[in-house]
DNA sequence: CCGTTTTCTATTGTCGACAATTGCGATTGG
DNA sequence: CCAATCGCAATTGTCGACAATAGAAAACGG
């Protein structure tokens, strides 16, 4: 009776719809999303056993996922003390933004150099369609489109490392971005800015596109501060009623 | 006699000089270095049990370290198939180089904006001293100094995220960099280029410093190809006699 | 002799167990 | 009443065991 071993987990899997996703990837994806949305409070210690229990798995996949998230910058780690949620402060947002600007500028420039006319036309079309339906989208969906616009350009750059790094930054600033989207829901400058960038790309006007991109992404420190403040409010208020 | 449990590892630790470094970090550092130096052959499958045996630990710390290295871009992973060494090709080197250029340019510019006169003077001094002793250094040491020069600037930028990303790129291009250092051992343009950059920084000439940095880092695709070729030779020849 | 299916083996994925460590709270001495 | 010390409870670090999977080898049929 000592060797019933992994009986429990078998049941869990079965209950979870036979075997939709493998445990490892699933756990990774779930924790990742939690971290992106600050479902862990900033600097909060993450209890492995508790998390394992919540996701119905053992600590092994949990720890492996957490380790991965550490290098992604979503989680912090101290030996013998465990994993912590990353902090949430203005400096980090500003720093990431600053890096993002130069990478996105490079991204458009390369895309203009290397993408085909069809690719760029498709980008313009896609964004036009998205804009047309903008009102029907939730804020979360809208944020996703915003992110996708930039990622598409990054992919068109033909530099997979560049795209990879921008994706990394995206996941880290996802939370602030979502707040910004909601803030500016009414005055939807974002949509027209995207359209302008895309058009400049079609026209192969690298300098203009890069400048537009720069201005589009730039945020004042004051903006960042207000967004972070708003974010903190959500983390410590809304989170409780999830 | 079933519960001798972790006897074995106890012995290992004891044999390894009581307890110099904790297992986890040690394993991570060792595997990381192996990956940096292509002690695993490109795209080679990494056998967890074998590696665990070699480092005298169980698979848990191995897997955790590998997971971390996956997001660092030093290791590849496929579910149910395991971990693989990253490839080694020209495209990746060129892509990383391209990203590196824009980040390093931003880095100098920010450093010029934010570093104190003392900081910059210290940078110049340190590099002068290093240059003076250059002949006494091994190629490995020389490579380390090269890397350190750039990292110092990144830190002076005051943007920790920028520094972090540049460090990430450094570990990924470490191998090619080492080869480049050895190639150009004689015609040591690198040293004077560094000195020039540092001087431009002291003079707070951002445009010049950025341009120098750009030219310093830029490599032609032809150079990259030759370096990669040389690298492949080493990986598949020298590696056997380690 | 070649292509398909089956069996077998090597390797990964996940688990529960236990030791080591940390941090907190109680206890004691000033 | 506060500071330092001690011990205990909670938590992390690492391990070996076993199931699931994939890939190779063997058996089979054409």
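The values are calculated or read from the model by the stated rules, or taken from the named source; none is laboratory data. From a predicted model like this one, the values you see are computed outputs, not experimental measurements. We place every Cβ from the backbone using ideal geometry, glycine too, and count neighbours over all the protein chains shown.
If I filter the stretch B:166-183 for residues that are within 13 Å of chain A (Cβ to nearest Cβ) and without any contact (Cβ under 8 Å) to a residue 24 or more places away in the chain, do I get at least one hit? Spell out the reasoning first.
Kept after step one, since they are within 13 Å of chain A (Cβ to nearest Cβ), are these residues of the stretch B:166-183: B:166-169, B:171-173.
Now restrict to residues that are without any contact (Cβ under 8 Å) to a residue 24 or more places away in the chain: B:167.
Within the stretch B:166-183, one or more residues are within 13 Å of chain A (Cβ to nearest Cβ) and without any contact (Cβ under 8 Å) to a residue 24 or more places away in the chain.
For (1) in contact (Cβ under 8 Å) with a residue 60 or more places away in the chain; (2) within 16 Å of DNA strand C (Cβ to nearest atom); (3) touching a strand residue (DSSP E or B) at 6+ places or on another chain (Cβ under 9 Å); (4) more than 30 Å from residue A:222 (Cβ to Cβ), each residue gets a yes or a no:
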position	(1), (2), (3), (4)
A:67	no, yes, yes, yes
A:72	yes, no, no, no
A:99	yes, no, no, no
A:113	yes, no, no, yes
A:120	yes, no, no, yes
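Hey, any hits in the stretch A:82-89 for a residue that's outside any helix (DSSP H, G or I), modelled with pLDDT under 95 and within 14 Å of another protein chain (Cβ to nearest Cβ)?
We begin by selecting, within the stretch A:82-89, every residue outside any helix (DSSP H, G or I); these are A:82-89.
Remaining after also requiring modelled with pLDDT under 95: A:89.
When the remaining residues are screened for being within 14 Å of another protein chain (Cβ to nearest Cβ), the result is A:89.
Yes - at least one qualifying residue is present in the stretch A:82-89.
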Test: residue in the stretch B:208-223 that is under 20 Å from residue B:119 (Cα atoms) and surrounded by fewer than 19 Cβ atoms within 10 Å (Cβ to Cβ): yes
Odd one out for residue A:103 among (1) within 16 Å of DNA strand C (Cβ to nearest atom); (2) buried (at least 21 other Cβ atoms within 10 Å of the Cβ): (1)
Failed item in (1) farther than 24 Å from residue A:66 by Cβ; (2) within 10 Å of chain A (Cβ to nearest Cβ), with residue B:71 passing the rest: (1)
Residues within the stretch B:75-92 that are near DNA strand C (Cβ under 9 Å from one of its atoms) and in contact with a helix residue (DSSP H, G or I) (Cβ under 8 Å, 6 or more places away or on another chain), tallied: 4
Filter result (within 12 Å of chain B (Cβ to nearest Cβ), under 23 Å from the mean Cα position of the chain (by Cα) and either outside any helix (DSSP H, G or I) or within 15 Å of DNA strand D (Cβ to nearest atom) (or both)) within the stretch A:28-65: A:61, A:62, A:63, A:64, A:65
